[in-house]
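*Asks:* Here you go, one structure.
Quick note: the coordinates plus some simple rules give every number you see, no bench work behind them. All of these numbers come straight from a predicted model, not from anything done at the bench. Note: ideal-geometry Cβ built from the backbone for every residue, glycine included; neighbour counts use all protein chains shown.
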Amino acid sequence: MQDRVFNFNPGPSTLPVSVLQKAQAELVNYKGCGMSIMEMSHRAKEYVEIVAGTEALFKELTGVGDDYRVMFLQGGASQQFAMIPLNYLGAEQSADYVVTGSFAEKAFKEAQKMGNVQLAASSAEQQYNQIPPQEKLKLAADAAYVHITTNNTIYGTEWHYLPETNGVPLIADMSSDILSRPLDYSKFDFLYAGAQKNLGPSGVVLVMARKEMVANRPSSLPTMFNYETFAKHDSLYNTPPTFGIYMLNLVLQWIKENGGLTAMGQRNQAKANLIYAVIDEDDYYRGHAQEQSRSLMNITFRLPNEDLEKAFVEEATKHGLTGLKGHRSVGGMRASVYNAMSHEGCVALANFMQDFRKRNG
Ligand SMILES: *Cc1c(COP(=O)(O)O)cnc(C)c1O
């Protein structure tokens, strides 16, 4: 694909070209139906099959059993910040939040509106450059749940262990590292991810939860804020984001065809190593995340001064490397290298970084 750039945008982000081409080929006339997915009833047999197939494929890739449901919602990951406490934080209870970045903080603040929450740990004082170790987590034995953010998209840190919660349900926002590496997914009682980073286009939120967590919810909950609605009706209570779920299905197929989570993990580790290696060569580039908390998905770094950072973004863009400007709260650069970013793209970025340093060192 000659005219495609290497797109390091944090989300919406790059998609596998083969997925885009498959969608293009099927766009006008889906499998002989004489219409596109977008024009089809969500009750059509072909469409119901896509939703069921997407749930099955996600379970296959993560290796979870029939004690889990996978559902497709709307409202972004941000709506989950409210839905989780609405569904799981009882009036007499408290929930534990580990705050490791801006989205984790948003989830924590949203839950505060709904009930009692406890800050189990925070790395705010360290500019969110690290993930607290297990022994720093203040977890209550009787908490309603523990909420973590497995990858901090803005700061570029990632959990490299899963916390022991001693029977308290573990809930995770996995928006920016879902399906990026092998993990014991059965350690999560509930997880969610906005699709636009590692799963497909924006507009879909994937939720995976233990069956008992999405059954027997309080009937006082508004229908569309009740997880039981989505579980009971197989994500088809009302019209879902039909095209987005179809695209998510194609991305899951692509992951499977490319070796599943083991292969994704190896690829992502190799890709991230290329860029971290340049950062670690000397003091020209300064990584934001502490080494043991570094993300494989979002790589954050600064240059010696802001003028050089501006020049870096401009020149990189001219070289077909786009979306590298960091979030305003960290400054500097952020290379988002999700599953769909090619090895070739990371080689190009690493080479550009070396060359830029040589010319501007
Ligand atoms: C992008 C992101 C969000 C917000 O997602 P929306 O779908 O825009 O609401 C939440 N959490 C994390 C970790 C993210 O990366």
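*Asks:* Taking amide H atoms as placed 1.01 Å from N in the peptide plane, list the residues 5 or more away in sequence, or in a different chain, whose amide H sits under 5 Å from that of Lys325.
*Replies:* HN-HN under 5 Å from Lys325: Arg334.
*Asks:* Moving on. Show me, for the stretch 326-332, the HN-Hα J-couplings you get by feeding each phi into the Karplus relation (A = 6.51, B = -1.76, C = 1.60, θ = phi - 60°), rounded to Hz, glycine and proline as x.
*Replies:* x, 5, 4, 6, 10, x, x
*Asks:* Taking the stretch 1-99, which GluC sites (Glu not before Pro) meet the DSSP loop condition and have no more than 16 other C-beta atoms within 10 Å?
*Replies:* On the way: sites: Glu26, Glu39, Glu46, Glu49, Glu55, Glu60, Glu92; in loops: Glu92.
Within the stretch 1-99, the qualifying GluC sites (Glu not before Pro) (loop, at most 16 other Cβ atoms within 10 Å) are Glu92.
*Asks:* If you take the square roots of the eigenvalues of the alpha-carbon gyration tensor of the stretch 134-267 and sort them as a ≥ b ≥ c, do you get rounded (a/c under 1.5), prolate (a/b over b/c) or oblate?
*Replies:* Values: a/c = 1.93, a/b = 1.01, b/c = 1.90.
In terms of gyration-tensor shape, oblate.
*Asks:* For the stretch 18-257, what is the relative contact order in percent, using Cα pairs closer than 8 Å and at least 6 residues apart in sequence? Could the numbers behind the result be given before it?
*Replies:* Working: 416 pairs, mean separation 59.7, N = 240.
So the answer I get is 25 percent.
*Asks:* In the chain, which whole DSSP H runs stretch at least 20 Å along their own axis (Cα) and average -0.5 or higher on the Kyte-Doolittle scale?
*Replies:* Numbers: long enough: 45-62 (26 Å, 0.11); 242-257 (23 Å, 0.73); 260-281 (32 Å, -0.10); 343-360 (25 Å, -0.69).
Helices meeting the criterion: 45-62, 242-257, 260-281.
*Asks:* How high is the relative contact order of the stretch 260-360, given as a whole-number percent (alpha carbon pairs under 8 Å, six or more residues apart)? Each step should come with its number before you reach the end.
*Replies:* Values: 114 pairs, mean separation 31.9, N = 101.
32 percent.
*Asks:* Per-residue HN-Hα couplings for the stretch 201-218, Karplus 6.51 cos²θ - 1.76 cosθ + 1.60 at θ = phi - 60°, whole Hz, x for Gly and Pro?
*Replies:* x, 6, x, 10, 10, 8, 10, 10, 8, 4, 3, 5, 7, 10, 10, 6, 7, x
*Asks:* Roughly how far apart, in whole Å, are the Cα centres of the stretch 259-290 and the stretch 50-121?
*Replies:* 28
*Asks:* Moving to a separate point now. Sort 189-200, 236-247 by the packing proxy (mean of other Cβ within 10 Å over each peptide's residues), most packed first.
*Replies:* On the way: 189-200: 25.5, 236-247: 19.2.
Packing order, densest peptide first, comes out as 189-200, 236-247.
*Asks:* Suppose every Lys and Arg Cβ carries +1 and every Asp and Glu Cβ carries -1, with no other charges. What dipole size does the stretch 18-257 come out with about its Cα centre, to the nearest 20 debye? Can you show the working numbers first?
*Replies:* Values: 19 positive and 25 negative charges, 81 e Å.
My answer is approximately 380 debye.
*Asks:* What list of ³J(HN,Hα) values in whole Hz, one per residue of the stretch 89-99 in order, does the Karplus curve 6.51 cos²θ - 1.76 cosθ + 1.60 (θ = phi - 60°) give from phi, with Gly and Pro shown as x?
*Replies:* Per-residue couplings from phi come out as 9, x, 4, 8, 9, 9, 10, 9, 10, 9, 9 Hz.
*Asks:* Starting from the amide H of Tyr68, placed 1.01 Å from N in the peptide plane, find each other amide H under 5 Å away whose residue is 5 or more places distant or on another chain.
*Replies:* For Tyr68, the qualifying residues are Lys211.
*Asks:* Quick one: if the Förster radius is 25 Å, what FRET efficiency do Asn305 and Gln134 give, using the C-beta to C-beta distance and rounding to 0.05?
*Replies:* Working: r = 38 Å, r/R0 = 1.53.
Computed FRET efficiency for Asn305 and Gln134 comes out at 0.05.
*Asks:* Considering amide H positions built from the backbone, and no H for Pro or chain starts, which residues 5 or more places from Ser36, or on another chain, come under 5 Å of its amide H?
*Replies:* Tyr30
*Asks:* Of Lys59/Lys271; Lys22/Lys325; Lys22/Lys197, which sit over 21 Å apart, Cα to Cα? Can you show the working numbers first?
*Replies:* Details: Lys59/Lys271 26 Å; Lys22/Lys325 30 Å; Lys22/Lys197 19 Å.
Beyond 21 Å: Lys59/Lys271; Lys22/Lys325.
*Asks:* Using a simple spin-label model with points 7 Å from Cα along the Cα→Cβ vector, what separation in nm is obtained for Val28 and Val5?
*Replies:* Placing both labels 7 Å along Cα→Cβ, they lie 2.9 nm apart.
*Asks:* Taking a point 7 angstrom from the Cα of Ala82 along the C-beta vector, which residues in the stretch 212-235 have backbone N less than 16 Å away?
*Replies:* Residues 221-227 qualify, since their backbone N sits under 16 Å from the label point.
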